[in-house]
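Asker: This is the structure I want to talk about, given as structure tokens.
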Amino acid sequence: MTFLSILFALLIEQLKPLRADNPVYASIKSFAATIEGWFNAGHVHHGRLGWVVMVGALTVPVALVYWLLLHVSLVAAFAWNVLVVYMTLGFRHYSHYFTSIQLALNTGDEMTARTLLAEWTKLDTAGMDVSEISRIASERALITTHRHVFGVFFWFLMPVGPALAVMYRIAEYLSRAWNEPDHMKFEAFGRFAAQAFYWIDWIPARLTASAFAVVGNFEDAIYAWRNFANRWEDEAAGIILAAGGGAMGVRFGTENQAAAGIILPADAATVDSMPEETDCLPGDTPSPRTLQSTVGLVWRALLLWMFLLLLLSVAVWMG
């Protein structure tokens, strides 16, 4: 049921992508703001309590519905699984931006590419050259794919139904919503949300990086992961981008500045500095070809996940 649920959800999303501004997501954002208003009294333990209430209120009902349907009808439970996975995935949420940027760069329309990137990332893209646009778009695509696809896959595979997939997406959102806005950046309230997502994403981030290494240049991916991932302030982002860049033969990150490609409403990470021996970094400077390589890497990693999941499902059925 797990493999088929993910497969059907992916197929449905390819046919009818769920917009990032859909009513369900809007309701969750409103609920998070309400919880923050109720519980935020300036202390870490208030943030912990708010996080537990928010996550519990959204995951417990999902689990209860699943177990109820499982005892009533396998078909109904399967349909519920597909619906939950479809709602938690985001494979196509922002792909139109990425595709449009790629087309603009391929035709030499840098102005349109900058405009689209600014709309997507909310960054000031004025003056960015083709290499910078390509780097930022590719970095964002890898991070977004991990947090909206592969991270969801991992937690959905846990043997408790689809509730943990919901937990992952809610935890990811709260780690941003309660830390990144200007009025929350220095608040103690969001610290637990950030720490909780760090541990929730610890294994998925490394599995995603491993998948990129397997389907790409394995040696360079592992080399970059081991030697340069810690240059990013966000550990998980560093692992994914170092391994992804190494797998594609592309140098991600910048020297002595924030990695603008992932400082967005959906993600946040920075590069402290790159090592003095910068020429030891594997890969070339990002270019428009990097966007095509990113698409290929993501799809190969997705096929690898699906293949391994299929083998696991077959083993369970035969057992």
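The values are calculated or read from the model by the stated rules, or taken from the named source; none is laboratory data. Since this is a predicted model, take the numbers as computed values, not measurements. Positions of Cβ are backbone-derived with ideal geometry, glycine not excepted, and every protein chain shown enters the neighbour counts. The protein model used for the area step is the full one, side chains on, heavy atoms only, and it has no ligands, DNA or RNA in it. Shrake-Rupley method; radii C 1.70, N 1.55, O 1.52, S 1.80 Å.
Asker: Helix 218-228: angle to the longest alpha-carbon principal axis of the chain, degrees 0 to 90, nearest 10?
Answerer: Value to nearest ten degrees: 80.
Asker: In the stretch 157-197, which trypsin sites (Lys or Arg not before Pro) are in a loop and have at most 11 other Cβ atoms within 10 Å, using DSSP for the loop call?
Answerer: Here the sparse-neighbourhood loop sites are Lys185.
Asker: If you don't mind, another one. For q values of 0.24, 0.28, 0.31 Å⁻¹, compute log₁₀ I(q)/I(0) with the Debye formula on a Cα-only model of the stretch 1-56, without solvent.
Answerer: Computed log10 I(q)/I(0) values: -0.88, -1.02, -1.11.
Asker: Taking each pair of distinct Cα atoms in the chain once, what is the resulting Kirkwood hydrodynamic radius in Å?
Answerer: For the chain, inverting the mean 1/r across all distinct Cα pairs yields 20.4 Å.
Asker: List every residue whose amide H lies under 5 Å from the amide H of Val250, counting only residues 5 or more places away in sequence or on a different chain, with H placed 1.01 Å from N in the peptide plane.
Answerer: Result for Val250 returns Asp284.
Asker: Helix 74-88: angle to the longest alpha-carbon principal axis of the chain, degrees 0 to 90, nearest 10?
Answerer: With both axes taken from Cα atoms, the answer is about 30 degrees.
Asker: Over the Cα atoms of the stretch 52-115, what Rg and Dmax result, in angstrom?
Answerer: That works out to 20.0, 58 Å for Rg and Dmax.
Asker: Taking the 0 to 90 degree range and rounding to the nearest ten, how far is the long axis of helix 2-15 tilted relative to the main principal axis of the chain, both from C-alpha atoms?
Answerer: It works out to around 60 degrees.
Asker: Moving on to the next point. For Ser27, tell me the accessible area in Å² from a 1.4 Å probe, rounded to the nearest 10.
Answerer: Its heavy atoms expose roughly 70 Å² to the probe.
Asker: Name the chymotrypsin sites (Phe, Trp or Tyr not before Pro) in the stretch 179-253 that are in a loop by DSSP and that have at most 10 other C-beta atoms within 10 Å, would you?
Answerer: When the chymotrypsin sites (Phe, Trp or Tyr not before Pro) of the stretch 179-253 are filtered for loop state and at most 10 Cβ neighbours within 10 Å, Phe186 remain.
Asker: For the chain, what does the accessible surface come to per residue with a 1.4 Å probe? Please give it in Å².
Answerer: Spelled out: the 1.4 Å probe surface of the chain, per residue, equals 46 Å².
Asker: I would also like to ask the following. For the chain, modelled as a GNM with alpha-carbon contacts under 10 angstrom, which of Asp129, Asp182, Asp109 fluctuates the most?
Answerer: Asp182
Asker: Ordering His46, His93 from largest to smallest accessible area (1.4 angstrom probe), what's the sequence?
Answerer: His46, His93
Asker: Using the Cα atoms of the stretch 168-229 to build a convex hull, what is its mean projected area in square nanometres?
Answerer: Reported value for the Cα convex hull: 5.2 nm².
Asker: So what's the back-of-envelope 222 nm ellipticity for the chain, counting only DSSP H runs of four-plus at -39500 (n - 2.57) apiece and dividing by all residues, rounded to 500?
Answerer: Theoretical 222 nm ellipticity from helices: -22500 deg cm²/dmol.
Asker: With the alpha-carbon atoms as the only input, what is the per residue convex hull volume for the stretch 80-135 in Å³?
Answerer: Convex hull volume per residue, Cα atoms: 80 Å³.
Asker: Follow-up. Taking only the C-alpha atoms, wrap a convex hull around the stretch 1-96 and report its volume per residue in Å³ as a whole number.
Answerer: In the stretch 1-96, the Cα convex hull volume per residue is 121 Å³.
Asker: Now a separate question. For the stretch 64-142, what is the relative contact order in percent, using Cα pairs closer than 8 Å and at least 6 residues apart in sequence?
Answerer: The value is 19 percent.
Asker: Please compute P(r) over all alpha-carbon pairs of the stretch 99-226, binned at 5 Å starting from zero, and give each bin as a whole-number percent.
Answerer: Spelled out bin by bin, the stretch 99-226 gives 2, 10, 15, 15, 15, 18, 16, 8, 2, 1 percent.
Asker: Scan the stretch 1-76 for chymotrypsin sites (Phe, Trp or Tyr not before Pro) in coil per DSSP, keeping those whose Cβ has at most 16 other Cβ atoms within 10 Å, and list them by number.
Answerer: Hits after loop and neighbour filter: nothing returned.
Asker: Separate question: His96: accessible area at probe 1.4 Å, nearest 10 Å²?
Answerer: Surface open to solvent at His96 totals about 100 Å².
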